[in-house]
Amino acid sequence: MRIPLLAAVSAVALMAGAVQAAPTPVSPAVAAAQDPGYTDDELKKFGAAMEQLSGISAQIQGGTPTAEQQAEMAGIVENSGLTIDRFNAISQAVSSDPVLQARMAVVMTPPSPDGSVAASVTDQEVEQFSSAMGRIQQIAAGIQGGTPTAEQQAEMAAVVESSGLTIDRFNAISNAVSSDPALQARMLLADAQRGQ
């Protein structure tokens, strides 16, 4: 069985830049229609297959795989535990759904180290932080000269406090986000779910 060239090669290219590229906004109705309930296990299998496919994709010259490369790609997908049809469906959905792209990043990123601040951040705190940060970024856009005015500082503090987080907890999460890839992925997912 052959994997459609476009699905396999484009999916490899997509996954190489998915975390770094800003996702294209999709309405919640379109996103719901695109994701017919892909499980985290399926996304992990897809991601693992994509990592293996990237080596073959790099070798394809002229955009057309040889019969041997095509067979090797089909074998990788079949050995992943996904059918070729399911793999291609996930590939198409991931390429157009920013929430699914963000979920891929979450399931493919190793977890935060036990005992770290990042590991202690709850899903509720991720939502609170993400929402507050979106509003703070709007305030920060109006800061001139790099230093917020007393009014802007008070407005940012009020945003944090109204989010349900203390300023200390917000700052602890902010510091953890800057150095923890798993927490970064969770924040990107929260942003994508909010449509940012």
Looking at (1) over 25 Å from residue 182 (Cα atoms); (2) more than 20 Å from the chain's Cα centre (by Cα), can you tell me which one residue 88 breaks?
(2)
Scanning region 94-111 for residues that are part of a loop (DSSP other than H, G, I, E, B) and buried (at least 21 other Cβ atoms within 10 Å of the Cβ) gives 97
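Being surrounded by 13 or more Cβ atoms within 10 Å (Cβ to Cβ) and either in contact with a Pro (Cβ under 9 Å, 6 or more places away or on another chain) or farther than 26 Å from residue 106 by Cα (or both) is the filter here, so list the residues in region 159-186 that pass it.
159, 161, 180, 181, 182 - these are the residues of region 159-186 that are surrounded by 13 or more Cβ atoms within 10 Å (Cβ to Cβ) and either in contact with a Pro (Cβ under 9 Å, 6 or more places away or on another chain) or farther than 26 Å from residue 106 by Cα (or both).
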Across region 41-74, which residue is nearest to the chain's Cα centre (by Cα) among those that are open to solvent by less than 80 Å² (accessible area, probe 1.4 Å) and among the β-branched types (Val, Ile, Thr)?
56
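For residue 85, are the conditions met, namely being surrounded by fewer than 16 Cβ atoms within 10 Å (Cβ to Cβ) and closer than 28 Å to residue 51 by Cβ?
Numbers: surrounded by fewer than 16 Cβ atoms within 10 Å (Cβ to Cβ): yes; closer than 28 Å to residue 51 by Cβ: yes.
So residue 85 fits the description; yes.
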With respect to residue 163, is the statement that it is touching a residue at least 12 places away in the same chain (Cβ under 8 Å) and polar (S, T, N, Q) true?
yes
Selected residue [among the aliphatic types (A, V, I, L, M), more than 22 Å from residue 99 (Cα to Cα) and out of contact with any strand residue (DSSP E or B) (no Cβ under 6 Å at 6 or more places or on another chain)] from 117, 121, 126:
117
Residue by residue through region 112-122, note down the ones that are under 30 Å from residue 54 (Cβ atoms), open to solvent by 10 Å² or more (accessible area, probe 1.4 Å) and assigned to a helix (DSSP H, G or I).
119
What pairs come up if the first residue lies in region 123-137 and is within 17 Å of residue 106 (Cα to Cα) and open to solvent by less than 80 Å² (accessible area, probe 1.4 Å), the second is part of a helix (DSSP H, G or I) and of a type in the set (D, E, K, R), and their beta carbons are under 8 Å apart, counting only those six or more places apart or on different chains?
125/169; 126/186; 130/191; 130/194
Regarding residue 75, is this residue at pLDDT 60 or above and at positive phi?
no
Cβ pairs under 7 Å, 6+ apart or interchain, first in region 170-189 and in contact (Cβ under 8 Å) with a residue 60 or more places away in the chain and under 12 Å from residue 125 (Cα atoms), second part of a loop (DSSP other than H, G, I, E, B) and of a type outside the set (Lys, Arg), ordered by first then second residue, are 183/112; 183/121
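Count, please, the residues in region 138-155 that happen to be closer than 24 Å to residue 193 by Cα and open to solvent by 40 Å² or more (accessible area, probe 1.4 Å).
Going residue by residue through region 138-155, those that are closer than 24 Å to residue 193 by Cα are 138-141.
Still in the list and also open to solvent by 40 Å² or more (accessible area, probe 1.4 Å): 138, 140-141.
The qualifying residues number 3.
The values are calculated or read from the model by the stated rules, or taken from the named source; none is laboratory data. Because the structure is predicted, anything quoted here is derived from the model rather than measured. All Cβ positions, even for glycine, are placed from backbone atoms using ideal geometry, and neighbour counts span all protein chains on display. Calculation scope for accessible area: heavy atoms of the full protein, side chains included, ligands and nucleic acids excluded. Shrake-Rupley method; radii C 1.70, N 1.55, O 1.52, S 1.80 Å.
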